[in-house]
């Protein structure tokens, strides 16, 4: 069996402590949350942090709550909690849709929202979900916290704006009455990363799209979204033609890579199909046609 | 590093490297070899144990992370002297062949039934989708879990 | 019920055939199984293998100084060191040689280069990183179709006189007759069909614990082997160790599927490690090692041609095969059959002309080829014929069930000798197909499909129905035809009946989950009337079991099962003689009933097997034919193979926009003769059907142009989960084998053999296209629909 190289281990007792430990141990330190991205890489010795800072004790970061006109999700919230959250099910079905196809039930018991976002895998479903919803990321440093739009959170594959002595502590999603949302994913097998995936929310008012968000995973979409497609739909009636045009824009603007999951042309095609489906289901849910 | 882990209700202590995987702490340090391992990439689920009552992959958990916490392994299922209904169900419905994935399956099944005492086949399949089996084709595992659900209060003999 | 109901013992078990829960489960459900990695000996050390990152490279130098200097490292072994022991190379099961630790070159990514022995696993793995190997990369052969090109790099320059990468050409059948038939035929359909490289991937990886006792000179090796005796004999021949001083023990095995037949370099290294350090050495491979270096399966590139009349009467089938064997020819199959039993590709149909030619080549990939429940290449053969039949149906616009029914062999034709020389023992094929269609509701399925096709839309799933009818030949095999490295494929057993009437059955086969501890007890129970709970089945330890070639190719029931039945029969006959003496009558005046011999017409005057066992060991003067016990020892040389068969139907729904395939239903009707334990038979079928889903939809080992293995972990080599498998629907017919003592045929690999074609045929039926290769991932399906198929064995383009 493959096992990690040796490392130092420290356990954080608070966010401030975690940040202090990050500062103390420098750039070769990594935070250990669920560990289901980091530890496998360490076992394969593809990642070799010198120090692991275990933040699983920060249980006060494990929450999903309605906070005024926003939903706040703590960074240490486990995937299974997001999947089953009544608050999220009520407001944004996209979460349950996505979580049901993220990894497997055992991994979901440990993996966290913060860990997944910070791992920044280009196929990360939650990145697409939170991008679609135009969430905000709250990042804590010793000097205080800053808020970054989720769409600006990722700088590239496996890279985020979280600095060396900083920690993602929360994501916030605005509540939007009259919204339906959905997530659509194609994978080779249950538990696999997406070949391509798309999520959306549509907020309707008087039959017109008041607001819309599109998220794309695994297709190299800029910041996991396609802003121009959203622009096209905003303020319009969500007709089939509109939806198809928007989906076509997503297809053209994304940048998928050929790999063993599929060739570039197929992934591009999927981006279009899945955006169309996510938008259609979102609308059906917004109008109450579908549950 | 000194750790204290409550395993199957008993306190255990060890002086371990931070990198020691929980699955190895159980198998090697404690001699509890019922928990198996089958891959390098957290896919197969053969290593499934409970951590604070929740089924997790012990190959993707460090022993130091279990310090101060509770771990339950397959060896605890018949701790009372009688087989747990899930164990009996796997026997009655031929839910195992080579037995290698079985401890992981049992721990996942037991957690499912504790949370949901009467799951349908689709729910069972979903719950065990993180546990791979190469022998059974899964059908009899689903039947075994159904058997356990239907005989929850059954007296089963060791 | 097609098997006779046996009476029940006081424990509630059938005294003979019938549904019985398994004896072995008691330990497994408690986590008390004893697998190789569970074995712990005092002072035991741990081994780890350093492997080549290159697919093809010269070894310039290996520096082990830093590794050997580590405080916890006790030995570092290289090919150079093995050379001094004449162990750097070892013979394969196919008459080739294989590198144990590379000396001159590495010839596949993942090949073994050095072996570290350390105090614990973590230290051993750490030390691997400290071994410095300098490689000079060479261009690799990755595409089998280019292996014989004029400019192809020569892989086996270690073999004298070798100038190319060809291993052999092999033929069977009548090429001339085929030429005539094909020339005259009204319809000829040709197709290129790939059965990609896949891997058995049992949940437990391979490993060994070797202990060479310096004082006694005895080598004990616990190891994941499906053939402990074969391993012992091979170690004796290869390592020059006296065979009576070698004990090979298979403890519990976590799945074999053909992965655990051969001897892997890691086992040899663990033995050498033990010799060098004086301690026991454990080596258990990790999953990537298992996938990248142990026996893969298939990798057959086939060109098939089928000739028929316009009405669909098949006249002939011929096929050329390019077989990719990897860097060493390490296939495990009978010597006279270098392409295994592939020439059973004529299948289940009645036609006179058949021919196959198999060209085997080396490539820069791991060795192997015969594994993953292939029944010695019958998976490839069955896939080929069942795909070709569907191609013919496609061209002729004939329903695939109707086409099969038209051509299936008829019961009165058995025993039937095929155009390539197989003698099928028994079968009622049309009945099995009808039963399968009945369970499936075939007519209704076609109606549903027709309705859907009449109202297509962008989003309506495409419905497909696919069939597969297969005949296997299992239970290798008659000694005069079948040996592995000169060891005849007979198998034996010893049945001992203790004075109190309990029995022990010692077997030469080796279960890896198939339930032998239960089913073999049931065989003996069936014949002797001794309850199965009173029969202990012992296997896996070469010191305690008779010689035999082990379990693979579904041979346990046909060969060892037959041996057990014959031994049980001999025990019963000895008991008869003892009964005659005890009851003071002629043995001919006795009748058998429920485990008891009694005087004909006078049931009160009788003796149970238990009483007769005690009597045999007692003071009674025994007549001729019985020495002081009832025991029997048998080596069974099967007169022929046995021929299980089946009719499978798969129903799929394919998302036309994404290519995602959902297996809606799978109906499997199997005929393996009388079922010793129906529950276990069904379990075997279920498992094989899941294999089919895996191979048809997701499993493949592909390579990029640098020879990098693209399926080296479970993230990339995908196994089916509970989500992709439907609730299997099983049926049965029972056609006993006329030559087997209990008529049983073996079933362990049937479903793996028969299912892939059913699923692939179903998907192609949904898409209404003639051909696409497995695995039919969503991307493959979509590209097939576009008319630009993906080649499965190379990197996706």
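Using per-residue counts of other Cβ atoms within 10 Å, averaged over each peptide, order C:780-791, C:735-746 from highest down.
Values: C:780-791: 19.2, C:735-746: 22.5.
Listed from highest to lowest mean packing, they are C:735-746, C:780-791.
To check you understand DSSP bridge types, tell me what percent of the beta bridges within the protein assembly as shown (both residues inside) are antiparallel, rounded to 5.
On the way: 160 of 197 bridges.
Once the DSSP bridges in the protein assembly as shown are tallied, antiparallel ones form about 80 percent.
With viscosity set to 1.002 mPa s at 20 °C, what whole-number translational diffusion coefficient in µm²/s follows for segment A:61-174 from Stokes-Einstein and a Kirkwood radius over Cα pairs? Intermediate results must be reported in sequence, preceding the final value.
Numbers: Rh = 13.9 Å.
Rounded to a whole number, D works out at 154 µm²/s.
Work out Dmax and Rg for segment C:540-610 from the C-alpha atoms and quote the Rg first, both in angstrom.
16.7, 48
Please report the spacing between the Cα centers of segment C:371-444 and segment C:303-360 in Å, no decimals.
15 Å
Work out the mean other chain Cβ neighbour count within 10 Å for the residues of A:260-268 and drop it here as an integer.
Working: counts 11, 5, 9, 8, 2, 5, 13, 1, 0.
So the per-residue partner count for this stretch is 6.
Find the centroid of the Cα atoms in segment A:34-54 and in segment C:569-630, then give the distance between the two in whole Å.
If we compute the Cα centre of each part, the gap is 70 Å.
How would C:523, C:306, C:769 line up from fewest to most surrounding beta-carbon atoms within 10 angstrom?
Working: C:523 31, C:306 27, C:769 15.
Exposure proxy ranking, most exposed first: C:769, C:306, C:523.
When you count, for each residue, the other Cβ atoms within 10 Å and take the mean per peptide, how do C:420-428, C:451-459, C:592-600 rank with the highest first? Before the final figure, lay out each step's value.
Working: C:420-428: 19.9, C:451-459: 10.1, C:592-600: 17.3.
Final packing ranking: C:420-428, C:592-600, C:451-459.
Could you state the number of Å between the C-alpha centres of segment A:262-287 and segment C:191-206?
So the two Cα centres are separated by 33 Å.
Within a 10 angstrom radius of each residue's Cβ in A:195-203, how many Cβ atoms of other chains show up on average? Whole number is fine. Walk me through the numbers before you get to the answer.
Details: counts 7, 3, 0, 0, 0, 0, 0, 0, 0.
Average neighbour count from other chains, rounded to a whole number: 1.
Any chance you could give the angle, 0 to 90 degrees and rounded to 10, that helix A:264-286 forms with the longest Cα principal axis of chain A?
Rounded to the nearest ten degrees, it is 70.
Measure nothing fancy, just the Cα-based angle from helix A:15-25's long axis to the longest principal axis of chain A, in degrees from 0 to 90, nearest 10.
60 degrees
What ranking of C:418, B:6 emerges when the number of other C-beta atoms within 10 Å of each C-beta is taken as an exposure proxy, fewest first?
Working: C:418 24, B:6 15.
Fewest-to-most Cβ neighbours within 10 Å comes out as B:6, C:418.
Give the peptides C:307-319, C:748-760 in descending order of average Cβ contacts within 10 Å, highest first. Kindly include the intermediate steps, with their values, before the conclusion.
Working: C:307-319: 21.2, C:748-760: 30.7.
Peptide ranking by packing, descending: C:748-760, C:307-319.
Is it possible to state the helix-based mean residue ellipticity at 222 nm for chain C, with each DSSP H run of 4+ residues giving -39500 (n - 2.57), the sum divided by total residues, to the nearest 500 deg cm²/dmol? What is it?
Numbers: 18 runs with 206 residues, N = 797.
One gets -8000 deg cm²/dmol as the mean residue ellipticity at 222 nm.
Sorted from fewest to most neighbouring beta carbons within 10 Å, what does the list B:42, A:145 look like?
On the way: B:42 25, A:145 13.
Ordered by Cβ neighbours within 10 Å, fewest first: A:145, B:42.
Restricting the calculation to Cα positions, tell me the Rg (one decimal) and the Dmax (whole number) of segment C:250-402 in Å.
20.1, 72
To the nearest whole number, what is the average tally of beta carbon atoms from other chains within 10 Å of the beta carbons of peptide B:84-94? Provide the component values of the computation, followed by the final result.
Details: counts 2, 0, 1, 6, 3, 1, 4, 7, 3, 3, 11.
The per-residue average across the peptide is 4.
So what are the three principal axis dimensions of chain C from its Cα atoms, in whole Å, longest to shortest?
Taking the Cα atoms of chain C, the three principal extents are 82, 74, 49 Å.
To the nearest 10 degrees, how steep is helix B:102-115 against the longest Cα principal axis of chain B, on a 0 to 90 scale?
70 degrees
Read-outs: derived from the displayed coordinates by stated rules, not from any lab. Since the model is a prediction, treat every value here as computed from it, not as a measurement. All Cβ positions, glycine included, derive from the backbone under ideal geometry; neighbour counts span all protein chains shown.
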